[in-house]
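Asker: Structure provided below as structure tokens; questions to follow.
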Amino acid sequence: MPSVFTHAAVPLALWCASTRGRVSTRLLAAGVAAAVLPDADVLGFALHVPYADAFGHRGASHSLLFSAMLAALALTLHRPLRAGPAQAAAFVFACALSHPLLDAFTSGGLGVALWWPWSEARLFAPWRPIRVSPFANGFFSARGLQTVLSELRWVWLPLTLAVLGWRLLPHRSPAGSRTP
């Protein structure tokens with residue numbers, strides 16, 4: 001898995017790319033939580049849930065269904081999130097789905113159960129440049145540093161460049177005038 005910090009990169013990039021105030025800080029916080037939440041499945045290790053089990057690490061909580069369930073929750077909570085229903089659901093869905101997609105690009109683990117419950121197959125992306133993060137006890141080590149450098153190169157830098165590029169493009173306002 002990428003580190004918990006890097007799972008927050010996609011919600012932060014979406015927030016930075018949006019027009020000021022378009023994504024509320026509450027919706028941003030919900031997006032960050034949705035992007036990080038799938039890794040709560042590591043609690044299964046303490047409960048002796050096998051890694052390869054449907055409810056093991058990178059299992060059901062890394063699925064499209066789980067992302068959709070979080071989006072449905074955001075839909076019902078759109079007012080406290082200070083967003084429209086569609087915006088809350090779409091933002092949280094994208095943020096939650098970013099987690100298994102980033103995990104699929106890592107160099108370790110068993111893959112992600114993206115299609116659970118329809119399939120328990122674990123998937124990886126065809127290209128896996130992101131170093132898998134060591135768990136908490138090994139994060140502050142040479143391997144942890146290699147992971148951080150890998151995440152900076154393959155996640156943070158591309159997202160930063162994409163946001164900067166997006167912000168530099170002229171966009172049309174709803175009234176049809178150009179905005180910087």
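Asker: Determine, for each peptide in 81-88, 154-161, the mean count of other beta carbons within 10 angstrom over its residues, then list the peptides with the highest first.
Answerer: Ranked by mean Cβ neighbours within 10 Å, highest first: 81-88, 154-161.
Asker: Using each residue's phi in region 57-71, evaluate 6.51 cos²θ - 1.76 cosθ + 1.60 at θ = phi - 60° and report the 3J(HN,Hα) Karplus result to the nearest Hz, with x for Gly and Pro.
Answerer: 4, 6, x, 3, 6, 10, 9, 4, 4, 4, 4, 5, 5, 5, 5
Asker: While we're here: Within a Cβ distance under 13 Å of His62, other residues only, what is the Lys/Arg minus Asp/Glu net charge?
Answerer: That works out to -3.
Asker: Work from the charge dipole of the chain (Cβ charges, +1 for Lys and Arg, -1 for Asp and Glu, about the Cα centre) and give the residue of Ser67, Leu27, Trp154 farthest towards its positive end.
Answerer: Leu27
Asker: Right, next: Under a point-charge model restricted to the Cβ atoms of Lys and Arg (+1) and Asp and Glu (-1), what is the dipole moment magnitude of the chain relative to its Cα centre, in debye to the nearest 20?
Answerer: On the way: 14 positive and 6 negative charges, 170 e Å.
Computed charge dipole of the chain: roughly 820 debye.
Asker: For region 38-142, with only Lys/Arg (+1) and Asp/Glu (-1) charged at the beta-carbon, what is the dipole magnitude about the Cα centre, in debye rounded to 20?
Answerer: 280 debye
Asker: Within a Cβ distance under 15 Å of Ala88, other residues only, what is the Lys/Arg minus Asp/Glu net charge?
Answerer: +4
Asker: Can you give me the accessible area per residue for the chain, using a 1.4 Å probe, in Å²?
Answerer: 56 Å²
Asker: Compute the FRET efficiency between Ser141 and Leu164 as 1/(1 + (r/R0)^6), taking r as their Cβ-Cβ distance and R0 = 22 Å, and round to the nearest 0.05.
Answerer: Once rounded, the FRET efficiency stands at 0.10.
Asker: How would region 1-94 be classified by its alpha-carbon gyration tensor: rounded, prolate or oblate, with rounded meaning a/c under 1.5 and the a/b versus b/c comparison settling the rest? Provide the component values of the computation, followed by the final result.
Answerer: Values: a/c = 2.90, a/b = 1.88, b/c = 1.54.
Since a/c reaches 1.5 and a/b is larger than b/c, the shape of region 1-94 is classed as prolate.
Asker: Could you work out how much longer the chain between Ala46 and Ala33 gets when fully extended? Use 0.36 nm per residue separation minus the Cα distance between them, nm to one decimal.
Answerer: 2.5 nm
Asker: At a 1.4 Å probe radius, carbon and sulfur cover how many percent of the accessible area of the chain?
Answerer: Using a 1.4 Å probe with all protein chains present, the chain comes out at 71 percent carbon and sulfur.
Asker: Hey, another quick one. Chymotrypsin sites (Phe, Trp or Tyr not before Pro), restricted to region 1-95: which are DSSP loop and have at most 16 other Cβ atoms within 10 Å? Please list the in-between numbers first.
Answerer: Values: sites: Phe5, Trp15, Phe45, Tyr51, Phe55, Phe66, Phe91, Phe93; in loops: Tyr51, Phe55.
Qualifying residues, ordered by number: Tyr51, Phe55.
Asker: Right, next: I'd like the trypsin sites (Lys or Arg not before Pro) in region 10-51 restricted to DSSP loop residues with at most 14 other Cβ atoms within 10 Å, sorted by number.
Answerer: Listed in order of number, the matching sites are Arg20, Arg22.
The values are calculated or read from the model by the stated rules, or taken from the named source; none is laboratory data. This structure is a prediction, so every number in the text was calculated from the model and none was measured. Methodologically, a virtual Cβ is constructed for each residue, glycine included, from the backbone with ideal geometry; neighbour enumeration extends over all protein chains shown. Protein only, heavy atoms only, side chains kept; ligands, DNA and RNA dropped before computing areas. Shrake-Rupley method; radii C 1.70, N 1.55, O 1.52, S 1.80 Å.
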